[in-house]
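The values are calculated or read from the model by the stated rules, or taken from the named source; none is laboratory data. What you are looking at is a predicted structure, and each value in this text was computed from that prediction instead of being measured. Quick note on the areas: whole protein, heavy atoms, side chains included, nothing else; ligands and nucleic acids left out. Shrake-Rupley method; radii C 1.70, N 1.55, O 1.52, S 1.80 Å.
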Amino acid sequence: SNMVWAFATAGVDADKLFEMVTNEAVQRQLQGFNEQGLSNIVWAFAKAGVRADKLYEMVANETVHRELRGFDPQGLSNMVWAFATASVHADKLYEMVAKETVQRQLEEFNLQNLSNMVWAFA
């Protein structure tokens, strides 16, 4: 996830790399990805404009399965921003993120996190 994050951040066109990462992540069924890795990978794909529907589906399912445990505010914010940017629907994920955000009473979220989340939910 860090590699595709770096390429996306730099704005480097690397479609073949993104394809290979998708295939590998799907084959491994996201095994070994921590919460930041899950958030970073979908953020990178969204930022780069690379479609990877199976990857997004797997990340949403895994995140829901983990019940958002271990995700910090930036990770939650980046996650929903990525799904919204990629126009990928993940209703259960959005529902859980919304509930988690309310439970945390917004105290942990900085302005950028909140701005990204509001945009993603719009």
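Element breakdown for the chain at a 1.4 angstrom probe: carbon and sulfur atoms account for 50% of the accessible area. Entry comment: accessible area of segment 36-85 is 40 Å² per residue, from protein heavy atoms only and a probe of 1.4 Å. For the pair segment 71-93 and segment 1-58, the centres of their Cα atoms are 14 angstrom apart.
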